[in-house]
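Notes follow the structure.
The values are calculated or read from the model by the stated rules, or taken from the named source; none is laboratory data. All values derive from a computational prediction rather than experimental measurement. FYI the Cβ positions are ideal-geometry reconstructions off the backbone, even for glycines, and counts take in every protein chain you see.
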Amino acid sequence: MASTPYNKPATSAKDQTQLLIDRGLVIDDLAKAEHYLTHVGFYRLAGYWLHLQDDPQKHTFIKGTNFLQAIELYEFDREIPKKKAIAKIYGLPDDSYLDNYLQVIAALRNLCAHHSRVCLNVFIFTPKIMTRKPALKWILGTPTPGTTENRTIYYQLCAVTYLMQTASPNSNFVTKLKQALNNYPRLDLAKMGFYTGWEKEDLWQ
């Protein structure tokens, strides 16, 4: 069964503000909210309020959640010193990949925490694909342009596994993933983004 499509919000900041209010987000200063939505962007800010939602499918917020909570996280993130150094430690090309991968993982974590479907989900946040050979093990297979391949669980797992090479180098995550897939041979791996020969990629060794 196809996953529920994500309802793209209206393009105007005023409409986006109302959409957030309708979803339960408290916004005390409408002008300030519209300023951030206009100059930072709805989707970029979404990464900072995902963990404040009680339903990742309906995108509704935990009661009492304030827009400023997301803004403070965004502003704090901008001021974190040595961000480029952290990206380098994790073998990422630059700090934009760090921001992106953490956003991807946060969204995936929310779905798992709420026992939502992930295998055939079409994810909102997509991991940036490294086109140059990175410092750590990675994949050669890249999503086909113009498709939703990069919104599948496979590429989400690629981002998680890449970071785990540094965060938890002794993890048995790859082994357990392969075992789980072998335990359910009737899974349609292609719909999950797994392409022929994926298991031979360096990342999965």
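Results, tabulated for the structure shown:
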item: Subset of region 87-112 (residues that are in a helix (DSSP H, G or I) and either loosely packed, with under 14 Cβ neighbours inside 10 Å or hydroxyl-bearing (S, T, Y) (or both)); result: I89, S96, Y97, Y101, C112
item: Which listed residue is part of a loop (DSSP other than H, G, I, E, B) and either out of contact with any Lys or Arg (no Cβ under 8 Å at 6 or more places or on another chain) or not aromatic (F, W, Y) (or both), from Q57, Q69; result: Q57
item: Within region 150-172, considering residues that are touching a residue at least 40 places away in the same chain (Cβ under 8 Å) and of a type in the set (F, W, Y), the one farthest from L111 (Cα to Cα); result: Y162
item: Unmet criterion (only one of (1) within 17 Å of L163 (Cβ to Cβ); (2) in a loop (DSSP other than H, G, I, E, B); (3) of a type outside the set (V, I, T)) for S116; result: (1)
item: Selection within region 178-198 - assigned to a helix (DSSP H, G or I) and more than 13 Å from L140 (Cβ to Cβ); result: K178, Q179, A180, L181, N182, N183, L189, A190, K191, M192
item: Selected residue [more than 12 Å from Y101 (Cβ to Cβ), assigned by TED's automatic domain parsing to the domain that holds T131, free of Cβ contacts under 8 Å to residues at least 12 places away in the same chain and outside any helix (DSSP H, G or I)] from T147, T175; result: T147
item: Single condition G64 does not satisfy, out of (1) small (G, A, S); (2) assigned to a loop (DSSP other than H, G, I, E, B); (3) under 20 Å from P127 (Cβ atoms); (4) out of contact with any helix residue (DSSP H, G or I) (no Cβ under 7 Å at 6 or more places or on another chain); result: (3)
item: Hits in region 79-102 (condition: modelled with pLDDT under 85 and closer than 21 Å to L45 by Cα); result: E79, I80, P81, K83
item: Sole exception among (1) within 18 Å of T126 (Cβ to Cβ); (2) assigned to a loop (DSSP other than H, G, I, E, B); (3) not aromatic (F, W, Y) for G24, by number; result: (1)
